[in-house]
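Step one of this worksheet: look at the structure below.
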Amino acid sequence: MQSTGAAAPAVVVSGLVKRYGATTAVDGLDLTVGAGTVTAVLGPNGAGKTTTVECCEGYLTPDAGRVRVLGLDPVKDARHLRPRVGVMLQAGGVYPGVRAGEILRHMAGLHAHPLDTAELTERLGLGPAARTPYRRLSGGQKQRLALALAVVGRPELVFLDEPTAGLDPQARHATWDLVRALRSDGVTTVLTTHLMDEAEELADDVAIIDGGRVVAQGTPDELGRGGAADVLRFAGRPGLDLVSLRAALPAGSEVTEPSPGSYRVTGDVGPRMLATVTAWCAQHGVMPDRITTRRHTLEDVFLELTGKELRP
Amino acid sequence: MTGHAPRPGAAPVSRMITAQAALETRMLLRNGEQLLLTAVIPTLLLVLFSAVDLVDLPDDGGADRVDFLAPGILALAVLSTAFTSQAIATGYERRYGVLKRLAASPLPRWGLMCGKTCAVLVTLLLQTALLCAVAFALGWSPRGNALAVAALMVLGAAACSGLGLLMAGTLRAEATLAAANLVFVLLVFFGGVIIPLDDFPDGVRVVLELLPVGALADGLRDVLRDGAGMPWGDAGVLAVWAVLAPAAAARFFRWE
C-alpha cells in the first residue's frame, strides 16, 4: 500500500454539488486524493469542507456529481467501505458516560485486526484519561480520543475533520506525528483544516476550497510559488523617483507608492533586491526606514484566493 | 514501519453485536438518573403503597395490597426502562453524534438496534428480580403462569421501546427528556399502576386500557393476582402496539 504513481486514487470527487435548502454548500467541486498521500482540504469556515468530507464518508447524498472512495460509492457501498475507512467527526460522537479506554477498546473490538489500544492510548497521551468518563475529558483529550477511534481499526483511508482544532501545541504535535506515522505506513489521509501551518507541515497535497469549489490544488511548494508575489516594503520621504528606482531593479520587478512615503517593491525578493534598493537609496540620499521583506507563505496564497473579509 | 499498516476488516457480526449489547447495558446501568427511574422509584412506590393506605385499593376476598401493586409496578418497570430510559439515552446519543459516529463503524444499524434491545432486556431482567424480591419481602403471593407473564412483558417492552425510539428519533433531546419523564409520571397515576383503572369513569377507563402500560398492568394483574391463563385481550392490544410502534420508529427515525 505504499504511495506509487501507478496506484489508483483513493478518492475521486467530480462535479460534486450539495445544497441545503436555498444554500449551495458545495458547488461543482473536483478533488482527487492520491493513494498513500496526506491531502489537506484547506478553506475558511463555511467553504464547504465538512460537507465535502461528509459526502465522501457516505453521510450525505450528493445532489449532483460523483464521489468514489476506494473505487466505491460511499452511499450505496457503505457496508463494504465502513471497515476500510476511518472517520473523525468535528465534535462528539461518543457516549457521555463511557470511559475513554472503554470506548477505544469497544471500537477496536468492532474490527478484525485492530491496533493495540494500549499503545495508541500512550502515543496520543491519553493514558491518564483512560478511566475518565468522556463528558469529563478536556476538549483536547476528546479530540485525541476521536482521532484514536478513527485509526484503531487499521483503515486504508482516514478522514479527519479539523483534527487539531482547540489542541495545545504538545497535543497538536502528537497528532501530527501520528498522521506522519500513518502516512509512512501507507494510510491515505484526508484532513480538513483552516490552519495554514498544519497544511504546510503535513500535507503532500493541498486543496484550497472556497465558496464550495476548489480554487487551487497542488503541493504546498507549488501553491507557494504561484499566486501572490513576494514583497519588500520600506518607508522614505514621499515622492521618490519611482522610474529611476525601477530602472535599477532587476527586470520583472515592480515598485509603487501605495501611500505617500510608503513604498512597495515586488518581484524576486532576495538579498540581491535588498542590496539594490538600499544602494539606490544611498545614491539618492534617502534613509529607508522600516524595511521589511516577506516571502509569501501558503497563508498569503490562501488569503489572496479566499479574500480577507471575515466569514459569518 | 510503525505498525499502522492498513489491515481493515470488520469483526464477525456476532462479536460486534455482543460487544455493542454489553456496552449499551453498561451505559444504561451506569447512568445515575436512569437508575433512579428504573430501580429507585418503582421500589419506593411498591413499598410505600403497600405499607400506607394512600389509595383505595380493591379488597376482593382478602387479596393483599401487594398482590394488586406488584403487577402494576412490573408494568411500570417495563415503561421506565424500555420507554423513558431508552428514549432519553437515545435522544442524547443522537444529539451528541454517537449514532452518527457508530454509523461509520463496521457495526450495521440493525446490529446497533439489537444491542439496544439486549440492553433493555438485561436491565428489565435485573429490575424484575429486584422488584420481585421486594414484593416477596412484603408478602406477595403471585399465581399464574410465568410464561404468560414473560410473554406480556416482552410484548410490552417491544411496544414501549418502539414508542421511546420514535420519540428519540424525531424530537430534540431536551424535548424527549421532558416528554419521556412527563409520560412516566402521568402513567404512574393513569396507567393502572397504583390506581385501579376501574376507579376512572368508563369513557376514560376504556382509553387508558388501550395504552400499552394500561394493557400490560391489567394483563399482568389478571395472571399474577387472579391466576388467569393468557389474557388474550390485553395481549392483543400489546401486540398491536408492539408492531405499530417499532414500525413507526423505523419509518420516522432521523439518525442526525
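The values are calculated or read from the model by the stated rules, or taken from the named source; none is laboratory data. The structure presented is a predicted model; accordingly, all values stated were derived computationally and were not measured. Here the Cβ is made from the backbone with ideal geometry for all residues, glycine too, and neighbour counts use every protein chain on show. The protein model used for the area step is the full one, side chains on, heavy atoms only, and it has no ligands, DNA or RNA in it. Shrake-Rupley method; radii C 1.70, N 1.55, O 1.52, S 1.80 Å.
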Going from most exposed to least, what order do A:Arg180, B:Arg251 have by accessible area with a 1.4 Å probe? B:Arg251, A:Arg180
Once phi is turned into θ = phi - 60°, what whole-Hz ³J(HN,Hα) does the Karplus curve with 6.51, -1.76 and 1.60 give for every residue of region A:140-146, x standing for Gly and Pro? x, 5, 4, 4, 5, 5, 4
Work out from phi, with θ = phi - 60° and the Karplus expression 6.51 cos²θ - 1.76 cosθ + 1.60, the ³J(HN,Hα) of each residue of region A:156-161, listed in order in whole Hz, and give x for Gly and Pro. 7, 9, 10, 10, 10, 8
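For chains A and B, what's the summed buried accessible area, probe 1.4 Å, to the nearest 100 square angstrom?
Details: alone 15570 and 12570 Å², together 24780 Å².
When A and B are taken together, about 3400 Å² of accessible area is lost.
Can you give the Kirkwood hydrodynamic radius of region A:231-295 from its Cα pairs, in Å with one decimal?
Taking every pair of different Cα atoms in region A:231-295, averaging 1/r and inverting gives 11.5 Å.
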On a 0 to 90 degree scale, rounded to 10, what angle separates helix A:271-283 from the longest Cα axis of chain A? 30
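Just to verify a number: FRET efficiency for A:Arg294 and A:Val243, C-beta to C-beta distance, R0 = 22 Å, to 0.05? Show your work: numbers first, answer last.
Details: r = 25 Å, r/R0 = 1.12.
In this case the efficiency is close to 0.35.
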For B:Tyr92, solvent-accessible area (1.4 Å; no DNA, RNA or ligand), Å²: 50
Can you list residues from other chains, or at least 5 along the same chain, whose modelled amide H is less than 5 Å from the amide H of A:Thr219? A:Val206
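Based on the alpha-carbon set only, what is the convex hull volume of chain A divided per residue, in Å³? Numbers along the way, then the final one.
Working: hull volume 54.0 nm³, N = 312.
About 173 Å³ per residue, rounded to a whole number.
What net charge is computed for the residues neighbouring B:Pro8, neighbours being all others with C-beta under 11 Å from the C-beta of B:Pro8, Lys and Arg scored +1, Asp and Glu -1?
Details: positive: A:Arg82, A:Arg84, A:Arg154, B:Arg7; negative: A:Glu156.
Computed value for this residue: +3.
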Are there any residues in region B:87-125 with a reduction of at least 50 Å² in accessible surface when going from the isolated chain to the assembly of protein chains? Probe 1.4 Å, please list them by number. B:Tyr96, B:Val98, B:Lys100, B:Arg101, B:Ala104, B:Pro106
Points 7 angstrom from Cα along the Cβ direction at B:Leu186 and A:Ala181: gap in nanometres? 5.4
What aspartates and glutamates could a cross-link reach from A:Lys142, if we take a straight Cα to Cα line under 14 Å and drop same-chain neighbours fewer than 8 places away? A:Glu102, A:Asp161, A:Glu162, A:Asp168
Which aspartates and glutamates have a Cα less than 17 Å from the Cα of B:Lys116, not counting those fewer than 8 places away in the same chain? B:Glu24, B:Glu93
At 1.4 Å probe size, with every protein chain present, just tell me what the per residue accessible area of the protein assembly as shown comes to in Å². 44
What Kirkwood Rh does the protein assembly as shown have if only Cα atoms enter the pairwise 1/r average? Answer in Å. 27.8
Students often forget the sequence filter, so: which aspartates and glutamates lie under 12 Å Cα-Cα from A:Lys76 once same-chain residues fewer than 8 apart are removed? A:Glu57
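Treating the beta-carbon of each Lys and Arg as +1 and of each Asp and Glu as -1, no other charges, what is the dipole magnitude of the protein assembly as shown about its Cα centre, to the nearest 20 debye?
Values: 51 positive and 55 negative charges, 209 e Å.
It works out to roughly 1000 debye.
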